[in-house]
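Colleague: One structure, pasted below without further comment.
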Amino acid sequence: MNVLHPPFVHFVVALPFAALFSQITYLATKDTTYSKATTRILAFALLTSIFAIYGGITDAQKILNDGNILDYGRAILKSHKTFGIITAIILAITTITKWYALDKKSFMLEKLSLSFIIATILVTLYQGNMGGKLVYKYSAGIDNKIIKLRANKIKQP
């Protein structure tokens, strides 16, 4: 059913964790190789977030058109879309801050970047939890016939 969003969104969730470990290593060793790696990882996460948003919008439209979502899930889907864009903006701010810290060789900005990376991870995990609920609780992208069959099997003695 939804084929564009899931492959990209996993990178957006995982890459900030890799950036976190790289940034912590940089702060501990002051080896700029790790700082550069963090910047590149965040930039790649930002790039994939653009694809994840595009895929999410495309998939959401198909889900709504096909009716493959429970009624209450429609409101959650709209919130998920809005919060996904906010998440990408936070990731962009984090990436730009990290790039600027590297460019200016500012250890203080590098520490600030660590805080932004942690904030990005927290926001991304919240967003991912919401996306998981859409699929597993509100059947977003799952044929409702399957959900109804499961419900009927549970009701029957």
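Colleague: Looking at (1) surrounded by fewer than 15 Cβ atoms within 10 Å (Cβ to Cβ); (2) in contact (Cβ under 8 Å) with a residue 40 or more places away in the chain, can you tell me which one THR29 breaks?
Modeller: (2)
Colleague: Checking the condition under 16 Å from LEU134 (Cα atoms), of a type in the set (Ser, Thr, Tyr) and in a helix (DSSP H, G or I), which residue from THR97, THR87, THR48, THR82 passes?
Modeller: Among THR97, THR87, THR48, THR82, only THR82 is under 16 Å from LEU134 (Cα atoms), of a type in the set (Ser, Thr, Tyr) and in a helix (DSSP H, G or I).
Colleague: Then there's this: Look at region 52-70 and say how many of its residues are hydrophobic (A, V, I, L, M, F, W, C), touching a Lys or Arg at 6+ places or on another chain (Cβ under 8 Å) and buried (at least 17 other Cβ atoms within 10 Å of the Cβ).
Modeller: Number of matching residues: 1.
Colleague: May I ask you to list pairs of residues, at least six apart or on different chains, whose Cβ atoms are under 9 Å apart, with the first in region 112-139 being within 11 Å of LEU20 (Cβ to Cβ) and in contact (Cβ under 8 Å) with a residue 40 or more places away in the chain and the second being assigned to a helix (DSSP H, G or I) and among the charged types (D, E, K, R)?
Modeller: SER113/LYS98; ILE117/LYS98
Colleague: Got a number for residues in region 71-104 being out of contact with any Lys or Arg (no Cβ under 9 Å at 6 or more places or on another chain), over 18 Å from GLN127 (Cα atoms) and in contact (Cβ under 8 Å) with a residue 40 or more places away in the chain?
Modeller: Total meeting the criteria: 3.
Coordinate-derived values only; no laboratory data. Since the structure is predicted, the reported quantities are computational estimates derived from the model, not experimental observations. Virtual Cβ from ideal backbone geometry, glycine too; neighbours counted across all protein chains shown.
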